[in-house]
Amino acid sequence: IVDSEFTRREVMSAFGISETKVSAVHLGVSNCFYPRDAVDCASWLSTQRLTYRGYVLAVGTIEPQKNVLGLIQAYAALPQELRDRFPLVIAGMKGWRDAEINACLRGVRGKLDVRVLGYVDSAMLPILYAGARLLAYPSIYEGFGLPPLEAMASKTPVVAANSSSIPEVVGAAAILVDPYDTEAISEQLRRLLEDNDAANKFSEAGFERAKLFTWAACAAKTVEIYKRCVGMPANTSRQGLL
């Protein structure tokens with residue numbers, strides 16, 4: 001069992017496994033991620049020197065696959081006025097091969113308002129999503145990719161990469177860009193920062209999309225696969241499994 005059709009195809013290709021032996025079951029988004037207004041977010045955001053809908057958010061481990069360098073370059077290409085209004089906030093733990101990323105972050109210090117929060121407690125992360133103007137997720141490679149869904153469930157619009165599993169997860173409810181095209185990333189960040197109608201459109205579309213990904217559905221489909229593996233009828237009750 002894998003968590004996306006993209007990963008399913010990768011597994012079958014890499015290991016030569018029959019398609020009948022690999023099933024995809026999408027993950028769910030936790031119900032702790034939901035829209036919050038400025039009042040709900042104000043207390044914690046103020047401790048981080050952030051304002052409601054006043055920052056660009058990136059969530060993910062600090063490592064090459066997350067394309068942190070590309071995002072910083074795209075952010076740097078934004079007009080000064082937008083960068084003054086919307087700092088780039090990066091939330092994520094230290095990852096692998098991060099020396100180049102850390103060198104870049106040191107290099108832009110004093111030039112760009114890029115804030116690295118490190119690990120954010122699970123109780124505070126939903127507030128960080130809900131308070132952002134947008135989520136930037138130009139990741140190069142994902143097996144599933146929960147942050148876009150978590151942002152969407154929080155009614156925060158998303159700019160994400162058009163690669164790996166991400167289009168499968170976000171559908172048409174996010175703006176998709178080539179993760180290697182920093183100019184395109186920058187253009188779409190600017191679009192959502194300047195155009196309130198576009199931001200609202202993707203906020204609403206993402207919110208509806210996120211409703212399709214629940215842990216109850218994930219569990220139900222997983223049980224169906226187990227029943228199939230042991231030759232049990234799909235309509236067997238839970239009691240019948242005991």
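The values are calculated or read from the model by the stated rules, or taken from the named source; none is laboratory data. Remember, predicted model here, so these are calculated numbers, not experimental data. FYI the Cβ positions are ideal-geometry reconstructions off the backbone, even for glycines, and counts take in every protein chain you see. Side chains included, ligands, DNA and RNA excluded: accessible areas come from the protein's heavy atoms. Shrake-Rupley method; radii C 1.70, N 1.55, O 1.52, S 1.80 Å.
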Given the criterion at pLDDT 95 or above, of a type in the set (S, T, N, Q) and over 30 Å from R83 (Cβ atoms), identify the matching residue among S203, S165, S154. S165
Is it the case that some residue within segment 90-99 is hydrophobic (A, V, I, L, M, F, W, C), closer than 20 Å to N162 by Cα, open to solvent by less than 20 Å² (accessible area, probe 1.4 Å) and in contact (Cβ under 8 Å) with a residue 12 or more places away in the chain? no
Please work out which one of (1) open to solvent by 30 Å² or more (accessible area, probe 1.4 Å); (2) out of contact with any Pro (no Cβ under 6 Å at 6 or more places or on another chain); (3) farther than 20 Å from E5 by Cβ; (4) in contact (Cβ under 8 Å) with a residue 24 or more places away in the chain is the condition K155 fails and give its number. (2)
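Within the bounds of segment 120-131, is there any residue that is within 22 Å of F207 (Cβ to Cβ), in a helix (DSSP H, G or I) and among the aromatic types (F, W, Y)?
Yes - at least one qualifying residue is present in segment 120-131.
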Quick check on my filter: what residues within segment 197-233 are open to solvent by 90 Å² or more (accessible area, probe 1.4 Å) and over 19 Å from the mean Cα position of the chain (by Cα)? D197, K221, E224, Y226, R228, C229, V230
Any idea which of G145, G118, G171, G110 is crowded, with 21+ Cβ neighbours inside 10 Å, free of Cβ contacts under 8 Å to residues at least 40 places away in the same chain and not β-branched (V, I, T)? G145
Looking at (1) at pLDDT below 95; (2) not in a helix (DSSP H, G or I), find the lone condition where F144 falls short. (1)
Take the residues in segment 185-211 that are touching a residue at least 60 places away in the same chain (Cβ under 8 Å) and small (G, A, S), then tell me which one is nearest to Y34 (Cα to Cα). A210
Condition (residue is under 20 Å from G131 (Cα atoms) and surrounded by fewer than 17 Cβ atoms within 10 Å (Cβ to Cβ)) applied to segment 13-30: is it met by at least one residue? yes
Has segment 169-187 got any residue that is within 18 Å of the chain's Cα centre (by Cα), aromatic (F, W, Y), in a loop (DSSP other than H, G, I, E, B) and closer than 20 Å to Q73 by Cα? yes
L57 buried (at least 21 other Cβ atoms within 10 Å of the Cβ), of a type outside the set (V, I, T) and farther than 28 Å from S163 by Cβ: no
